[in-house]
Structures are given as structure tokens and as C-alpha cells.
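Read-outs: derived from the displayed coordinates by stated rules, not from any lab. In this text, all values refer to a predicted model and were calculated from it rather than measured experimentally. Because the Cβ atoms are built from the backbone with ideal geometry, glycine has one as well, and the counts that use them run over all protein chains shown.
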Amino acid sequence: MTLKTVGYTMPGVHAVTVRLDMAYKDGDEALMMDLYSPPQPKGGAQVPAVVFVLGYPDVGVPNSLGCQFKEFGMSTSWARLLAASGLVAIVYTTRTPATDVHAVLQYIRQNAASLGVDAQRIGLLAASANVAVALSALMQDPDLKCAALLCGFTLDLDGSTTVAEMSRTFGFANACAGRSMDDLPSHIPLFVVRAGKDQFAGLNTSLDTFLTRALARNLPLSVINYPSGAHAFDLDEDTDASRDIVKQTLAFLRFELVENSHR
């Protein structure tokens, strides 16, 4: 599982600049982040950034997988794709996911010049059980510019307890507990991917409710439904449809953070 990489690739993924194990939060066991930058940033210009959000604690807990989230093939391959697309990508370790994401964002903004990051143009990417933490971050940080959310557990709405139950089962942070759709800012564009054959019980039912409520609020929302796709199709499915959705995800993030930077 830790070795799986995104099935789509592009020129430049092996030419990106990688800075490993930068401490973004000190303590008894410092929390680290890795930064992936475009191959040839022009004239030292500051570049928009995407934080790959983590919903599971991976510091100070037993780790049966042998490596941390930021070292997973999924994380490193997405980060290289983002950097090759002209964006800075950040992956990190966490002890308390719901709050550590804000520490990452604070560190990036405070050190933007040395990191080569445009502090005014930061977006989020999250997948699966990491999506709840990304949504929570959007609810608390209105300065974020966009978020791409893939096949994710969102928040419990209309009396559902699916996300809470899956959080207890799998150990991810149910960061939106007690929140509602009204807590989401109305100005941050969302790109949501749904896998029609997602194998996690209740995920699509919960996601469908989220999408319906987002449309009812007239949020800036783009949705892709991949009818034959399963969970983590970006890693597991060698299909043109899977690769095209990855390309569209990258295109959305680039558009919102670069082409649409006047917003």
C-alpha cells in the first residue's frame, strides 16, 4: 500500500526540487514537512502552494506501515505532479490532524519568502479519510483559495453518523463533528471527485448529501463522477478515465491558484 503511486505521470516530475524534513512545529517530537518545488522557478518568483492534507495521526502512534504519510508513494507522486504543474506541494507529519494543518499553514505563511511560496495563494488537496480535515480547515481559514477533494468522507448531515462511525473504525480525525454546511465559506471553489463504485460503505451516500447541500447553498462547486471508479482509483486503475481525472484535478488547482490569481 505504501508503494502505490498515481497512475498518471507527466514531464518534469523527476526534475522537481525536494526539501525534506523541515520542522514546522517544535516540541518533544518535532513535526516535519517536505516541500516539492517546480523544476525552474522563474527569477526566484514566489509560487502558489498546495498542501496535501492528512487526517490520520502518524507521529506518536504505532506505525505498522513502516513509513509516514509524507513518504507514501501516493504522497510523493501527487507532490511531484503538483510541482511539475508549476505549484509548490507540501506534505507533512501530524500528531493532531485537525490542528496541525493550521500549524502547517501558519509556518508556510510566516516563512513564505524563504520557501519560495506565495502566501496569498494556497490551496488544499485531500483524498479519502483526509477530506474531513481539509473541510474543517476551509471552515476556519477563509484565506485559502481552493480545495480539491477526492473520494472523501466529508461531514455528517441530516442525522447521519457515517463519518463518525468510520472515524472510530479507521482512526481518522472527524474534524467536522458538530459542523454544518453553513460553516463552509461561500467564496472558496471546491473540486469534488466521486467514485461511483466506491467500496467504503456509506461514503457515497454521505458524499451525495454533501454535494446536494453544497448546490443548495450555491457554492462554487465542480464535480466529477467516475461511474466505474473504485476508491483510490488514481492509484489502482490503469485507465484513461482515471488519468484524465488526475489531469483535471491538477488543472483545477493550477487554474484557481495561477490563472485565476486576480481573484
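Counting DSSP beta bridges in the chain, what percent are antiparallel, to the nearest 5? Let's see the in-between values first.
On the way: 10 of 33 bridges.
Around 30 percent of the beta bridges assigned by DSSP in the chain are antiparallel ones.
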Item checked: Simple spin-label estimate for His102 and Ala23 in nanometres, 7 Å along Cα-Cβ -> 2.3
Next item on the list: Evaluate the relative contact order of the chain (contact order divided by residue number), counting alpha-carbon pairs under 8 angstrom at least 6 apart; express in whole percent.
Entry: 20
Checklist line | Whichever lysines have a C-alpha closer than 20 Å to that of Lys247, once near sequence neighbours (fewer than 8 apart) are set aside | finding: Lys4, Lys145
Next item on the list: In Å³ and rounded to a whole number, note down the convex hull volume per residue for the Cα atoms of segment 17-259.
Entry: 122
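Please state the shape class of segment 73-194: rounded when a/c is under 1.5, otherwise prolate if a/b exceeds b/c and oblate if not, all from the C-alpha gyration tensor.
Numbers: a/c = 1.77, a/b = 1.55, b/c = 1.14.
Here segment 73-194 falls in the prolate category.
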Note to self: So for segment 136-249, considering every pair of alpha-carbon atoms, how many percent are separated by more than 17 Å?
What the structure shows: 56
Item checked: Phi-based couplings in Hz for segment 236-252 (Karplus 6.51, -1.76, 1.60; Gly and Pro marked x) -> 9, 10, 8, 10, 4, 5, 4, 5, 5, 5, 4, 4, 5, 4, 4, 5, 4
Checklist line | Inter-part distance where segment 123-188 and segment 79-111 are each reduced to a Cα centre, Å | finding: 17
Check: Which is farthest toward the positive dipole end of segment 112-169 among Leu138, Leu115, Leu125, measuring Cα position about the Cα centre, with Cβ charges +1 (Lys, Arg) and -1 (Asp, Glu)?
Finding: Leu115
Check: Could you work out the helix-only [θ] at 222 nm for the chain, with each DSSP H run of four or more residues adding -39,500 (n - 2.57) and the total divided by the number of residues, to the nearest 500 deg cm²/dmol?
Finding: -9000 deg cm²/dmol
Next item on the list: For Lys25, go through the lysines and keep the ones whose alpha-carbon is under 19 Å away, minus same-chain ones fewer than eight residues off.
Entry: Lys70
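Report the gain in length on full extension from Glu165 to Met10: 0.36 nm times residue separation, minus Cα-Cα distance, nm rounded to one decimal.
Values: separation 155, 0.36 × 155 = 55.80 nm, distance 3.81 nm.
Length difference between fully extended and current span is 52.0 nm.
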Margin query: Students often forget the sequence filter, so: which aspartates and glutamates lie under 19 Å Cα-Cα from Lys197 once same-chain residues fewer than 8 apart are removed?
Written below: Asp208, Asp234, Asp236, Glu237, Asp238, Asp240, Asp244
